[in-house]
1. Quick one: accessible area per residue over the chain, 1.4 Å probe, rounded to a whole number of Å²?
2. Quick check: convex hull over the Cα atoms of the stretch 31-93, volume per residue in Å³, rounded to an integer?
3. Top to bottom by accessible area (1.4 Å), largest first, where do LYS259, LYS352, LYS217 land?
4. Just how far, in whole angstrom, is the stretch 61-133 from the stretch 252-275 if you go by their alpha carbon centroids?
5. Which of the lysines could a cross-linker bridge to LYS288, judged by Cα under 28 Å and excluding same-chain residues fewer than eight apart?
6. Given the DSSP H assignment, sum -39500 (n - 2.57) over each helix run of at least 4 residues in the chain and divide by its residue total; what's the result at 222 nm in deg cm²/dmol, nearest 500?
7. With Cβ to Cβ distances under 14 Å as the rule, what net charge do the other residues near SER320 carry (K, R +1; D, E -1)?
8. Compare LYS288, LYS75, LYS121 by solvent-accessible area with a 1.4 Å probe and give them largest first, with all protein chains kept in place.
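The values are calculated or read from the model by the stated rules, or taken from the named source; none is laboratory data. Keep in mind that this is a model prediction, so the values were computed, not measured. Reconstructed Cβ throughout: ideal geometry from the backbone, glycine too, with neighbour counts over all protein chains shown. What goes into the accessible areas is simple: the full protein's heavy atoms, side chains included, and nothing from ligands, DNA or RNA. Shrake-Rupley method; radii C 1.70, N 1.55, O 1.52, S 1.80 Å.
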Amino acid sequence: MKIVRGLRWKVLALIMLGTIINYIDRNTLGILAPMLKEELHFSTEQYSYIVSVFQLCYSLMQPIAGYVTDLIGLKFGYAMFAFVWGSAAALHAFSGGWQSMAFFRGLLGISEAAAMPSGAKTATLWFPAKERSIATGWFNTGSSVGAMIAPPLVIWLSVTWSWQIAFVVTGLLGVGLSMLWLALYRNPENHPRLTKEEHAYILDGQEQVQLPKPSMKRVVTMRKFWGIAAARFLTEPAWQTFSFWIPLYMVSTRGMDIKQFALFAWLPFLFADIGCVLSGYLSPFFAKRFRMSLVNSRIAGIGIGAVCMIGPALIGLTSSPITAIFLFSVGAFAHQMLSSLLYALVTDTFEKQDVATATGFGGMAGYMGGMIFSLIIGQLASTIGYEPLFVCLSVFDITAFIVVLVVLGQWGRNKVTPPAMPSGAHAD
């Protein structure tokens with residue numbers, strides 16, 4: 001079988017494709033929400049219940065999905081979950097009201113919960129420590145690429161055919177992904193196309209500690225886990241708001257119709273892509289330029305992202321829908337920068353056997369925060385408006401940065417060898 005040089009980057013592209021499809025399936029509902037409210041006759045409050053069912057199932061399932069992935073392996077675990085989430089997404093087409101939509105949404109949440117733990121696991125297995133922030137930045141970029149592709153694709157499918165066809169077509173992408181992953185993915189030690197030199201390069205940059213099996217107890221008893229979990233709880237409401245509430249806000253409050261919205265809906269997620277990619281390169285820059293430890297360089301990037309989250313807080317000060325979308329875009333950039341670095345912190349601070357489990361528990365905390373905030377939006381948006389709630393998102397992210405700094409900051413420790421810059425980190 002032909003050897004492939006730089007194979008780890010091909011594997012990263014594959015998991016990034018999975019994240020793209022995951023977020024297309026996830027965001028289809030939010031894009032169609034203005035149309036579905038009319039077709040299925042549900043209120044804003046009932047829509048918040050649909051969103052919250054997904055968030056609840058996703059949050060409770062994330063640690064279980066992460067643990068299952070650690071236990072049965074990335075190859076079969078991710079393929080299984082991708083097949084189920086694609087099927088669940090397609091089943092949304094059979095909804096007849098908000099209750100049935102909520103049921104299918106719950107199935108989607110249960111199965112999509114494996115996506116981020118699997119991405120973090122891939123970065124841990126296939127990349128040395130100094131490249132993990134780059135890897136997590138790129139695979140996390142898939143979430144915003146998927147969210148960017150989804151509006152024009154979903155609106156085109158729904159306008160050309162129907163909202164049911166939009167769910168079916170996007171759902172089948174997940175089923176196809178599961179088959180592709182099963183056919184192509186192998187762990188580094190089992191991959192016949194991996195060069196000996198690249199395998200050695202990956203292993204040389206990893207901690208060679210063998211643990212008998214993944215352990216939920218070991219993860220949840222660590223102080224550093226609770227620092228990351230608290231930060232995820234505080235920061236995830238922003239991304240959930242961008243994913244599920246921007247279309248409804250722009251149509252119902254800012255007066256756009258769904259076709260007008262499609263022209264601009266991709267913009268916040270383009271900025272989110274830039275935030276993801278920049279986060280991966282920012283951390284090595286800080287480590288090299290300021291002689292920071294690996295962990296402190298991640299925290300410094302999280303701080304920059306938290307400050308940039310001021311964008312959504314200013315939305316209430318503008319009357320222009322286009323300016324509002326731009327401020328959402330600044331928030332998406334900021335969130336994805338700090339979110340990618342939070343994933344990188346997990347890969348830095350947990351043993352590889354526990355990475356997916358730790359990511360899953362962190363995701364559980366994050367989606368609990370997102371669910372609570374979605375319910376608050378559903379209750380308060382029609383009375384106090386959306387804008388004061390957007391201010392809360394900025395406060396949450398700054399608080400999260402302070403928590404991570406206090407709990408995980410390596411005070412007076414800058415003795416870790418700084419990572420090489422990405423251009424010099426390539427090994428074939």
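1. On a per-residue basis, the chain sits at 37 Å².
2. Each residue corresponds to 81 Å³ of Cα convex hull volume.
3. Values: LYS259 130, LYS352 45, LYS217 150 Å².
Order by accessible area, largest first: LYS217, LYS259, LYS352.
4. 26
5. LYS10, LYS121, LYS130, LYS224, LYS352, LYS415
6. For the chain, the value works out to -26000 deg cm²/dmol.
7. 0
8. Largest accessible area first, the residues go LYS288, LYS75, LYS121.
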